[in-house]
Each structure stands twice: as structure tokens, then as C-alpha cells.
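Presented below is the structure to which this report refers.
The values are calculated or read from the model by the stated rules, or taken from the named source; none is laboratory data. Note that the structure is a prediction, hence the values are computed from the model and not measured. Here the Cβ positions follow ideal geometry from the backbone for every residue, glycine too, while neighbour counts run over all protein chains shown.
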Amino acid sequence: MKTMKIEGNYCRLEIGSILEGGFQAYLKTFENQKIVILVDENTHDYCLEYLITSFPELERAEIMLLPCGEENKVMEVCFQVWQAFTEYHVERKDLVINLGGGVVTDMGGFIASIFKRGLTFVHVPTSLLGMVDAAIGGKNGIDLDGYKNQLGTITQPACVFIDSGFLATLPGEEIFNGYAEMLKHALIGDITLWEEIRHIQSEEELIQQEVIVKAIRVKTNIIEQDPLEGGLRKKLNFGHTVGHALESYFFQSTPISHGHAVALGMIAESYISMKRNLLTKESYKEIESTIIRSFPMIELQAEDVSQVISLMYQDKKNEEGQIRSCLLDGIGSCMYDQEVKEEEIGESLFHLTLLFNL
Ligand SMILES: NC(=O)c1ccc[n+]([C@@H]2O[C@H](COP(=O)([O-])OP(=O)(O)OC[C@H]3O[C@@H](n4cnc5c(N)ncnc54)[C@H](O)[C@@H]3O)[C@@H](O)[C@H]2O)c1
């Protein structure tokens with residue numbers, strides 16, 4: 001498939017081999033400026049050499065290494081990078097390239113958007129989750145005291161260069177984390193995509209550029225209409241009210257990945273949708289069986305359930321102290337700003353445990 005561009009007011013993306021698109025020409029515009037590449041340990045080992053050997057102008061770039069993982073998406077690491085920027089005399093017109101998964105693009109975008117009131121940055125996502133979701137839309141952020149994405153900015157990258165070739169070294173489990181966000185995009189806005197991807201079992205099928213592009217389109221269409229999350233954009237949080245709380249809850253003991261947590265969150269929030277008669281039983285069962293096929297279920301005791309619910313009160317979507325969530329009123333259709341009661345959430349979490357025991 002040829003390189004394709006999505007150029008809106010808020011989303012400027014190139015999808016295809018990074019060698020064939022506009023990356024080279026873009027770098028040329030920084031020939032008199034400094035370039036910093038932010039990587040984590042894995043993208044340093046697996047992705048950086050390919051990028052630098054393909055674009056010799058990057059040989060002069062300063063490489064800054066971030067520690068891997070969600071536990072490092074924190075202010076302490078940002079401070080170190082800002083200090084390194086100062087030592088390296090990074091100026092406002094210089095360029096930051098974030099080469100990595102969602103942790104690198106979330107944190108790198110945050111670091112760049114704050115330093116000297118905003119440096120130019122581009123994302124080169126290297127995980128499937130990053131390609132279909134995290135690198136798109138301009139949300140940058142870090143966690144605080146174990147709560148997800150409490151500090152952040154909405155600042156668009158100058159461009160996102162999406163080359164699925166980077167996925168060759170991504171572990172299978174990480175491919176499925178990306179699948180969770182692809183399923184989310186299908187469930188909130190594209191029933192045809194849902195039909196296309198719900199039976200996918202293999203990693204090879206998931207990293208086809210055609211499916212990646214369709215999943216991206218759901219997000220870019222929403223961002224173009226509501227870049228600052230005044231309303232519509234909230235749909236992209238489907239699965240995340242419960243998902244983020246589960247991710248935070250297990251963070252200290254047995255961490256689960258963001259994609260896995262969102263997959264579980266989508267079952268719980270679809271279950272609530274079904275209980276409210278917004279979603280038919282058949283549609284709910286279809287969602288449940290699709291997710292169970294690809295993600296491990298978890299067991300929650302009564303005390304876990306109450307603690308997970310209490311974490312939901314930290315969610316950014318809440319208003320007036322009420323827990324707000326997204327619910328499905330059909331496959332491919334989503335309602336946002338829905339107040340959900342603790343009892344409904346509790347029931348959905350107990351239902352998750354029943355699935356673990358199946
Ligand atoms: N900003 C947004 O809109 C948005 C949307 C969804 C998720 N997110 C955030 O994204 C993060 C999750 O992203 P993720 O799943 O990409 O996690 P991640 O960045 O931690 O990447 C997962 C793992 O894969 C490794 N990796 C990445 N690319 C690789 C490659 N090509 N080869 C080998 N290893 C590679 C990473 O080093 C890491 O160990 C979470 O922090 C989540 O909150 C943000």
C-alpha cells in the first residue's frame with residue numbers, strides 16, 4: 001500500500017514507509033537547528049538504528065533515553081529530560097522526535113509542549129497502540145501518584161509518521177494491546193470495521209496497513225470535529241472509566257497493560273449498556289466473546305471492587321462528583337457523559353470475575 005496522508009486542521013499524519021514519505025523533506029527544514037530523539041530502552045535497541053541509518057541527517061541528533069514502562073511516565077523523568085535540554089541548549093525552534101510507544105509519545109509530547117512554552121515535536125509511533133491511538137490527537141501527559149494522565153497538555157505534534165514496519169519487533173502481547181484500542185474505535189464509530197476485525201486472531205492480520213488506516217480514521221474524524229474534548233471526543237474514552245481504574249489498581253501489585261485494562265473496561269461498560277437496555281443482549285455477547293478470545297480475564301474480590309470504584313472518582317471525565325462514562329447504544333454508536341452509579345459498576349466488575357471463572 002502506498003504512503004497516504006491525512007491532513008486536517010488538527011491531525012497531520014503520514015501512513016506508510018517512512019522512507020518514502022515526507023520525513024526526509026521535513027528534516028531538511030531543521031538543518032540549522034538541533035534535533036533531539038527521545039527513545040525508551042526497547043525503541044533504542046530495536047527502532048533507532050533503522051531511523052538513523054535511513055536518514056543520515058539524524059546522525060547529529062542528540063539521543064535521550066527514557067526508562068521503559070508506565071511506571072516511568074512520571075514527573076521525575078520529565079525533570080531529568082528538561083535538565084538535559086537545558087544542558088544541550090535546546091531552543092524553541094529545535095525539533096524533538098518521539099520514537100516509541102504510547103509512553104514515549106505521551107511523555108515526549110508533554111516534555112516538548114512545556115519546555116520554553118513549546119518546542120516543535122513529531123511522533124514516530126512504534127507500537128500498534130501508538131499508531132492507532134496514542135500518537136494521534138495531541139493529548140500528552142504523565143501520571144501522578146499512580147493516577148493516570150493527571151498532568152498533561154493538548155498540543156498537536158507537527159506531524160505523525162506511521163510506519164507499520166516498526167511493528168516487526170513488537171512482542172505479540174503488545175500487538176494485542178493495540179487491538180484493544182482498534183476494537184474501541186470500531187465499537188464507538190465504525191460497525192463495518194468491527195465486522196472486519198472482530199474475528200482476527202493473528203498478529204499478522206492486525207498489522208495490515210489497511211486495517212490500521214481504518215482504525216486511525218475513526219479517531220481522526222472525531223478529533224477534527226472536537227480537538228479539545230468539548231464533547232464528541234469524550235467517546236474515545238469508552239472502556240477507560242473502568243479501564244483506567246483497573247490499570248491504576250493493579251499498578252502496585254500485578255500491573256496490567258493499558259490495552260488489557262481497556263479491553264476489560266469495554267466489557268464492563270458494554271455490560272452496563274446492556275443492563276440499561278441500550279445495547280441488545282446479542283450485541284453484548286458478541287463484544288464479550290470477541291474480547292475474551294484475545295485477552296485474559298481477571299478475578300476481583302469484593303474489597304478489590306470497592307477500591308477500583310473509589311479510584312474512578314479521580315477520572316477526568318467526572319463532573320459534580322459523579323462518575324461519568326461512555327456507554328454503547330449499539331455496535332458502532334456511543335453516548336458520552338453518562339452518569340453511572342456505583343452499584344452498576346460494581347455489578348459489571350462482579351460479572352468480569354464470573355468470566356474469569358468460566
Ligand atoms: N495520548 C493518547 O491519546 C493515548 C491514547 C491511548 C493510550 N495512551 C497511553 O499510551 C500508553 C500505552 O502505550 P503502549 O501500549 O504503546 O505502551 P509502551 O509505550 O509502554 O510500549 C509497550 C512496550 O513495547 C515496547 N516497544 C514499543 N515499540 C516497540 C518496537 N517497535 N519493538 C519492540 N518493542 C517496542 C516499549 O518499549 C514497551 O516496553 C499508556 O500510557 C496510555 O495511557 C495515550
Original post:
Since residue 2 meets every condition but one in (1) of a type in the set (D, E, K, R); (2) modelled with pLDDT of 95 or more; (3) away from the ligand (no atom under 16 Å from the Cβ), which condition does it not meet?
Top reply: (2)
Original post:
Looking at (1) under 28 Å from residue 223 (Cα atoms); (2) at pLDDT 95 or above, which is the only condition residue 63 fails?
Top reply: (1)
**OP:** Please enumerate the residues belonging to region 258-268 that are in contact (Cβ under 8 Å) with a residue 60 or more places away in the chain, within 16 Å of the ligand (Cβ to nearest atom) and of a type outside the set (Val, Ile, Thr).
**Re:** 258, 259, 260, 263, 264, 266
Original post:
Exactly one of (1) without any contact (Cβ under 8 Å) to a residue 60 or more places away in the chain; (2) more than 9 Å from the ligand (Cβ to nearest atom); (3) assigned to a helix (DSSP H, G or I) is unmet by residue 31. Its number?
Top reply: (3)
**OP:** Would you please name the residue that is surrounded by the most Cβ atoms within 10 Å (Cβ to Cβ), looking only at residues in region 111-133 that are more than 8 Å from the ligand (Cβ to nearest atom) and assigned to a loop (DSSP other than H, G, I, E, B)?
**Re:** 119
Subject >> helices (runs of 4 or more DSSP H) lying entirely in region 168-255 (those with 3 or more residues that are farther than 22 Å from residue 72 by Cα) >> reply: 172-189, 191-197, 203-206, 209-225
Subject >> Pairs where the first residue, in region 126-153, is farther than 16 Å from residue 243 by Cβ and the second is near the ligand (Cβ under 6 Å from one of its atoms) and among the β-branched types (Val, Ile, Thr), C-beta under 6 Å, 6+ apart >> reply: 126/43
**OP:** For region 224-255, name all the residues that are hydrophobic (A, V, I, L, M, F, W, C) and in contact with a Gly (Cβ under 7 Å, 6 or more places away or on another chain).
**Re:** 242, 246, 251
Original post:
Are any of the residues in region 190-202 hydrophobic (A, V, I, L, M, F, W, C), more than 12 Å from the ligand (Cβ to nearest atom), out of contact with any Phe, Trp or Tyr (no Cβ under 8 Å at 6 or more places or on another chain) and closer than 25 Å to residue 311 by Cα?
Top reply: no
**OP:** May I ask you to say which residue of 108, 101, 69 is in the same structural domain as residue 148 (by TED's automatic domain parsing) and in contact with a Gly (Cβ under 7 Å, 6 or more places away or on another chain)?
**Re:** 101
Original post:
Does residue 50 satisfy the criteria of being farther than 14 Å from residue 161 by Cβ and of a type in the set (Ser, Thr, Tyr)?
Top reply: no
**OP:** Return a yes/no flag: does region 37-50 have any residue that is within 20 Å of the chain's Cα centre (by Cα), away from the ligand (no atom under 15 Å from the Cβ), outside any strand (DSSP E or B) and closer than 21 Å to residue 168 by Cβ.
**Re:** no
Subject >> region 86-110 - residue that is in contact (Cβ under 8 Å) with a residue 60 or more places away in the chain and farther than 21 Å from residue 162 by Cβ and, of those, farthest from the ligand (Cβ to nearest atom) >> reply: 93
**OP:** Residues being modelled with pLDDT under 95, surrounded by fewer than 21 Cβ atoms within 10 Å (Cβ to Cβ) and within 14 Å of the chain's Cα centre (by Cα): count how many of those fall in region 134-193.
**Re:** 1
Original post:
How many residues does region 167-180 hold that are farther than 15 Å from residue 202 by Cβ and within 6 Å of the ligand (Cβ to nearest atom)?
Top reply: 2
Subject >> Exclusive hit being more than 30 Å from residue 209 (Cα to Cα), touching a strand residue (DSSP E or B) at 6+ places or on another chain (Cβ under 9 Å) and at pLDDT 95 or above, set 39, 77 >> reply: 77
Original post:
Looking at region 236-257, which of its residues are more than 11 Å from the ligand (Cβ to nearest atom) and either farther than 25 Å from residue 297 by Cβ or aliphatic (A, V, I, L, M) (or both)?
Top reply: 242, 245, 246, 256
